[in-house]
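These notes are about the structure you will find just below.
The values are calculated or read from the model by the stated rules, or taken from the named source; none is laboratory data. In this text, all values refer to a predicted model and were calculated from it rather than measured experimentally. Quick reminder, even Gly has a Cβ in these numbers, built from the backbone with ideal geometry, and neighbours come from all protein chains shown. Note: areas computed on protein heavy atoms with side chains; ligands, DNA, RNA excluded. Shrake-Rupley method; radii C 1.70, N 1.55, O 1.52, S 1.80 Å.
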Amino acid sequence: MRDNRLVTDIKSSLDIAEVIGQFTSLRRTLRGYSGLCPFHDEKTPSFHVYSDTQTYYCFSCHEAGDIFTFIMKKNGLTFSEAVEVLAGQAGIDLSKYKVSSSPKRSRSLFDVMNLAGEYFRECFRRLPGGKAYFLRRGFTENDAEVFGLGYAPDSWDGLIHSLRQKGVSDKELVDTGLVSQGERGIYDRFRGRLIFPVKDLSGRIIAFGGRTIAGSQAKYINSPESELYRKRSNLYLIDKASSKIRESGFSILCEGYMDALRLHKSGFTQAVASLGTSLTAEQAGLLKRFADRCYICYDTDSAGVAASIRGMYILLQSGLDVRVVRLPEGKDPDDFLSANPPEKFSKALDESLSLIDFHIETLRPMLSDPLRRKRAVNELWEGVKKIDPYEALRYLGSLSNAFGLPHDEIQRKILGENPQESQLVKINSPDSVPIDNGLDCAFCSLLMKYKECRLAVKPDEIRGLLADEDAIITAEAILNDDPEKLMNLWLTIGDDTRVAIIAKGDIFLSGIKGSTWQEKLETIRSDLKAQKLKRRIRTLKEKLKVNTASLEEANEFMELRLKLQKLKI
């Protein structure tokens with residue numbers, strides 16, 4: 001029997017859009033949110049979440065219900081199990097509620113994974129192999145406890161024997177992927193390995209990863225797909241990183257378990273790892289649920305760059321603002337942070353490139369080689385074609401630079417007006433796009449990218465900061481309307497000025513100091529005020545030269561010069 005007070009408290013503590021957003025990427029609508037249905041495959045969004053009623057409905061497969069119905073259907077849980085899961089997410093103590101007793105339910109697969117996790121952790125504590133390797137890598141026993149690390153001894157049936165004693169059936173062992181099937185029966189999948197538990201957003205173990213410590217086997221093995229685990233939909237440490245990602249406004253995506261652990265230990269708790277799989281739209285949607293920006297920090301070994309870039313475009317295609325962190329060649333985050341202080345990694349974040357700019361940089365030798373230029377052009381356009389045209393227009397300046405062509409020709413290509421392919425294979429060296437009002441454009445770009453930034457900027461601040469009238473008009477428009485609708489309108493009516501300002505701003509913004517929008521806004525504000533001060537000083541100086549300055553203006557000139565010296569700008 002239900003405790004209605006508990007149900008009410010859970011509903012009031014959780015937003016249904018937050019919960020469903022863990023499973024599918026949602027976009028805001030007039031009444032709530034919409035997205036691809038998590039209950040069936042579709043290409044056109046027909047799934048709607050209604051904020052006012054805290055319910056959902058799919059107009060295609062007709063699935064409908066509330067927050068409890070969703071969790072029950074999506075995870076195959078009973079109502080009582082769904083209550084436990086959602087209460088955990090809401091931070092509600094079930095012991096404070098009177099929930100009438102019900103027949104003892106059978107053990108869930110999550111329970112089996114928890115028992116396995118306990119076994120691996122106990123082996124880590126009492127056996128030397130895994131612990132010794134972990135400590136040699138510069139971690140501590142406390143790190144192992146915090147992240148739930150374990151050790152699988154080099155035994156064919158150690159885990160099987162332990163879990164059978166606790167009443168776990170062979171079928172449950174098979175269903176969770178903890179064992180493999182051989183000619184003589186089942187045997188432990190993980191043997192002689194350091195064990196990393198993979199958890200869902202609720203903190204429940206859904207899979208394990210194992211790293212060899214002897215070097216004679218495959219370096220990593222992972223749990224197979226199961227009822228609990230779909231590797232394309234999950235990220236290692238997302239349970240620990242999600243709140244920090246939302247708070248900081250960005251995620252850091254790396255490849256390996258050790259990379260993610262090292263980043264967390266070094267203070268970068270936004271880090272998650274991609275579980276040794278090619279990047280997927282589901283993983284992109286999971287990251288976008290918490291923040292729009294994602295820093296990719298993969299091994300920069302040139303042999304794997306091309307494959308990595310193809311995966312990164314999936315993230316860009318999903319609407320993430322993708323930045324690529326460049327570490328010394330052959331170094332991954334674990335290597336880099338083992339040898340350098342965290343401040344150097346922060347600097348690498350500040351100096352990261354947009355995916356398009358990074359792709360262009362990797363292709364630069366080919367773009368400047370007449371014999372290989374066509375191949376480089378085709379490769380770059382293959383990437384650009386994968387993303388939304390309006391998103392691609394943000395990189396108009398970078399693409400124009402790469403191909404040495406005017407903005408309008410690149411724009412026609414992006415929008416499908418198909419200029420001659422030969423136009424894109426010119427061999428002339430690209431010149432830099434002139435940016436006369438880069439800070440003004442960067443300010444507009446920052447407003448366009450971040451809703452939080454638009455809320456932090458007051459309309460009456462615009463004219464006091466910006467100097468360029470077109471930039472002022474652009475910024476005021478962004479503050480008063482939906483940015484996506486505005487961009488569509490500007491492209492429809494052919495307002496090249498507005499589009500060019502945003503494109504220029506994106507280029508300039510990448511060089512602005514700061515890893516968050518708040519830091520970049522602070523830098524831009526400071527630099528714009530400094531520019532304004534310098535312009536006023538130049539104006540007064542010209543007046544003084546020709547003896548047209550008033551006494552008040554002469555005094556103002558001296559005061560501003562003194563202020564400039566104090567600011568050291």
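Could you tell me the accessible area of V384 in Å² (1.4 Å probe, neighbours in place), rounded to the nearest ten?
10 Å²
Using Cα positions and a limit of under 13 Å, work out the aspartates and glutamates in reach of K458, with same-chain residues fewer than 8 apart set aside.
Within the straight-line limit of under 13 Å, K458 reaches these aspartates and glutamates: E476.
Once you have the Kirkwood Rh of the stretch 285-341 from its Cα pairs, apply Stokes-Einstein at 20 °C and 1.002 mPa s and quote D in µm²/s.
The estimated diffusion coefficient comes to 174 µm²/s.
Is the shape of the stretch 205-264 rounded, prolate or oblate, going by the alpha carbon gyration tensor and its root eigenvalues a ≥ b ≥ c, with a/c under 1.5 for rounded and a/b larger than b/c for prolate?
Taking the square roots of the gyration eigenvalues as a ≥ b ≥ c, the stretch 205-264 is oblate.
Can you list residues from other chains, or at least 5 along the same chain, whose modelled amide H is less than 5 Å from the amide H of I252?
A271, V272, Y295
Can you pull a Stokes-Einstein diffusion coefficient for the chain at 20 °C (1.002 mPa s), Rh from Kirkwood over Cα pairs, as a whole number of µm²/s?
Rounded to a whole number, D works out at 79 µm²/s.
May I ask you to derive the relative contact order of the chain, considering only C-alpha pairs under 8 Å and at least 6 residues apart, and to give it as an integer percent?
Value for the chain: 7 percent.
What are the ³J(HN,Hα) values, in whole Hz, obtained from phi via the Karplus relation 6.51 cos²θ - 1.76 cosθ + 1.60 with θ = phi - 60°, for each residue of the stretch 281-293 in sequence order, with x given for Gly and Pro?
The phi angles translate into 5, 5, 5, 4, x, 5, 5, 5, 4, 9, 6, 8, 9 Hz.
Over the stretch 260-396, calculate the relative contact order: mean separation of alpha carbon pairs under 8 Å at least 6 apart, over the residue count, as a percent.
Value for the stretch 260-396: 24 percent.
How big is the gap, in Å, between the Cα center of the stretch 495-544 and the Cα center of the stretch 329-386?
With the stretch 495-544 and the stretch 329-386 each reduced to a Cα centre, they are spaced 26 Å.
If r is the Cβ-Cβ distance from I493 to K534 and R0 is 35 Å, what FRET efficiency results, to the nearest 0.05?
So the FRET efficiency works out to roughly 0.45.
Using heavy-atom solvent-accessible surface (probe 1.4 Å) with all chains present, what is the largest-first order of W517, W156, W490?
W156, W517, W490
Indicate, rounded to the nearest 5 percent, the antiparallel portion of the DSSP beta bridges found entirely in the chain.
75 percent
What is the stretch 171-316's relative contact order, in percent, from Cα pairs under 8 angstrom and six or more apart in sequence?
Answer for the stretch 171-316 is 19 percent.
What is the percent carbon and sulfur in the accessible area of the chain, measuring with a 1.4 Å probe over the protein chains and ignoring ligands?
Reported share for carbon and sulfur atoms: 49 percent.
Rounded to the nearest 10 degrees, what's the angle between the helix 517-545 long axis and the longest principal axis of the chain, both from Cα atoms, 0 to 90?
The answer is roughly 10 degrees.
Rounded to the nearest whole Å², what accessible area per residue is found for the stretch 93-225 with the 1.4 Å probe?
Heavy-atom accessible area per residue stands at 52 Å².
Kindly report, to the nearest 10 Å², the accessible surface of H48 as traced by a 1.4 Å probe over protein heavy atoms only.
Counting only protein heavy atoms, the figure is 50 Å².
In whole Hz, with x marking every Gly and Pro, tabulate ³J(HN,Hα) for the stretch 394-410 from phi via Karplus 6.51 cos²θ - 1.76 cosθ + 1.60, θ = phi - 60°.
Result, ordered by residue: 5, 9, 4, x, 5, 5, 4, 4, 5, 9, x, 10, x, 4, 5, 5, 5 Hz.
Starting from the amide H of T29, placed 1.01 Å from N in the peptide plane, find each other amide H under 5 Å away whose residue is 5 or more places distant or on another chain.
Amide H to amide H, under 5 Å and 5 or more residues apart or across chains, T29 pairs with S34.
So what are the ³J(HN,Hα) numbers for the stretch 368-384, from phi and the Karplus equation (6.51, -1.76, 1.60; θ = phi - 60°), rounded to whole Hz, Gly and Pro as x?
These are the phi-based 3J(HN,Hα) values: 8, 9, x, 6, 10, 4, 4, 4, 5, 4, 4, 5, 5, 5, 4, x, 4 Hz.
Probe 1.4 Å, all protein chains in place: accessible area of S278 in Å², nearest 10?
For S278, the solvent-accessible surface is approximately 90 Å².
Would you mind checking which residues have amide H under 5 Å from G65's amide H? H placed 1.01 Å from N; only 5 or more apart, or other chain.
Those lying under 5 Å, H to H, from G65 are Y56.
Each label point is 7 Å from the Cα along the Cα-to-Cβ direction; what then is the distance between the points at L560 and Y57, in nm?
Calculated label separation equals 6.2 nm.
Give me the number: length gained by fully extending D15 to E542, i.e. 0.36 nm times residue separation minus the C-alpha to C-alpha distance, one decimal in nm.
183.7 nm
By accessible area of protein heavy atoms, probe 1.4 Å, what ranking do M558, M487 get, highest first?
So, going from the largest accessible area down, we get M558, M487.
How would T176, T55, T548 rank on accessible area, largest to smallest, probe 1.4 Å?
T548, T55, T176
What ranking do 218-225, 437-444 get when scored by the average of other Cβ atoms within 10 Å per residue, highest first?
Most protected by this proxy first, the peptides run 437-444, 218-225.
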